[in-house]
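Visitor: I have a structure I would like to understand better, so I am pasting it below and will then ask my questions one at a time.
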Amino acid sequence: MKIIKTAALAALLSTSFFSAPAFADTVAPPSADGANSDTLAAMQTQCDALAAAHGPATGDNDHWTGEVVEGAGTLVAGPTEVGGTRIIDTSSIVGTGTFVPSVLEIHGNPFKIGGSVNMFGDQWASAGYYPDSTYNFTADFTSAFAYAFSCNIKDAVYHPAVDHPATPPEGYYTNNGTNPSGGEGSCQGLSPANPFWGQDIGNCTWTQTAPGQPAYTDPAYWDEPVLFDNEPGIAVNQDETDNLSGFEDHGGPVQVTGAYHVGQVVICISPGSKGGSWRAQNGYSGGSFTGPAAGCNTPYFKIAPTNSGSTTSNGTFISVPNYSY
C-alpha cells in the first residue's frame, strides 16, 4: 500500500531533469491579437482590386473604391512551442510511474494490520527517481490566425464641368433729344449685339433693370461615395507569438532527494502454526528474533501496535507460533 503526499513530493523532486522535457501535452489556446498593419494592407490590396473591376479610382469618370470590413481571426496553425523559452513551475512537478529507490530502509518498529499473521513497517528511501513526471510551465508559442474580411465597394458619381456663356445686362435706352419716338427716339434700334450695349451712347441714356453676367464654368465634381455592394475577400494569415501556460504529461525522469516514504511493506514473516522461525525481509534488520523486544518475534507480536483493522477475534492468530491468549 503506497502512500504519496503530492505536496511533499514536489518539494523533494530535483529541478534538474535526466532528459530534455517533451513537447507540451496541453496548452491554453491563444487569443487573436487582431489584424496588424501588414495584414490590413494586404486586405486593402484585395479591396482595391475588387473595386478596380468596376472602374478606375481616378480620372474624369465615376470613382470606385474598396473599404476593408474586418472580420474575426481563426486559429489555423499552432500553437507551436518556441524552443528555449520554457519556464517550469517547480512546485507543480509530480513524479509518475513506479518509484525507483536507491537505498531502502525501514524506519520505526513493526506493527500489525488487521488480522494478518505478519508484521509491517514503514519503508523509506534515502533517494531515488521517478521514470517520468508531469508539471505546469509557461513558454512562448507561435500561432497562425486567418483573418476574414470583406470589402465595401463604393461609387462616387462623376458630374462633368458645365460652361455658361456671358449674358448682357437688361435695361433700355431713352432719348430726350431731337425727334423722340415713344421716349426712345433714335435709340430704339440698339440691341445687345451693340458692343456698347449697357452704356450711354450719345443722346441715348441707359437705364438698367438687371445686371449682366460674365461667362463662367461650373467645375466637374463627384458625389460622396455611396455603398454599391459588399464583396468577400480571401482571408489573410498572420503569425503571432504568445506566452502561454501549458501542462507537460511526459516531463521525463526526475530525482527524489532526501528521506522519502515509499509505503508500508511486510517486514516480519510469521513461520506459521507448524513451527519454525520468524523471518525479516524488505530491508528490516532491527530488533530481536527472541524475547519481547521490538522485532520479529511472537512476544513482541502480542504487544505490537495495530496500524489499522481489528485484531480482537479469537483464533485470528492461531498460525502464529507459541501464541496463546
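Visitor: Using only Cα atoms, figure out Rg for segment 29-138 and give it as a multiple of 2.2 N^0.38 Å. Each step should come with its number before you reach the end.
Guide: Values: Rg = 33.2 Å, N = 110, 2.2 N^0.38 = 13.1 Å.
Scaled against compact globular proteins, the figure is 2.53.
Visitor: Please give the net charge around Asn136, taking every other residue with its beta carbon less than 12 angstrom from that of Asn136, where Lys and Arg add +1 and Asp and Glu add -1.
Guide: Surrounding charge for Asn136 is -3.
Visitor: Asn307: net charge of surrounding residues, Cβ under 10 Å, Lys/Arg +1, Asp/Glu -1, itself excluded?
Guide: Numbers: positive: Lys112; negative: Asp122.
Summing Lys/Arg as +1 and Asp/Glu as -1 gives 0.
Visitor: Gap in Å between the Cα centre of segment 251-307 and the Cα centre of segment 102-165?
Guide: 42
Visitor: Around Gly251, under 10 Å between beta carbons, what's the net of Lys plus Arg minus Asp minus Glu among the other residues?
Guide: Net charge in that neighbourhood comes out at -4.
Visitor: OK, next. Quick check on segment 219-305: what are the equivalent-ellipsoid semi-axes from the Cα gyration tensor, as sqrt(5λ), descending, whole Å? Present the calculation step by step, with values, prior to reporting the outcome.
Guide: Working: eigenvalues 1482, 41, 28 Å².
So the equivalent ellipsoid measures 86, 14, 12 Å along its semi-axes.
Visitor: What distance in nm separates the simple spin-label points at Asp38 and Thr26, each placed 7 Å from Cα in the Cβ direction?
Guide: Placing both labels 7 Å beyond Cα along the Cβ direction yields 3.4 nm.
Visitor: Return the loop-located GluC sites (Glu not before Pro) in segment 66-168 (DSSP other than H, G, I, E, B) with at most 11 other Cβ atoms within 10 Å of their own Cβ; answer none if there are none.
Guide: Working: sites: Glu67, Glu70, Glu81, Glu105; in loops: none.
Sparse-neighbourhood loop GluC sites (Glu not before Pro): none present.
Visitor: Put +1 on the Cβ of each Lys and Arg and -1 on the Cβ of each Asp and Glu in segment 58-177; which of Val103, Thr167, Gly128 then has its Cα farthest toward the positive end of the dipole?
Guide: After comparing all options, I get Val103.
Visitor: Continuing with this model, one more query. Fewest Cβ neighbours within 10 Å first, please rank Ser37, Ser92 accordingly. Show your work: numbers first, answer last.
Guide: On the way: Ser37 7, Ser92 16.
Listing Ser37, Ser92 from fewest to most nearby Cβ atoms yields Ser37, Ser92.
Where a number appears in this text, it was derived from the coordinates with a stated rule and is not lab data. This structure is a prediction, so every number in the text was calculated from the model and none was measured. Virtual Cβ from ideal backbone geometry, glycine too; neighbours counted across all protein chains shown.
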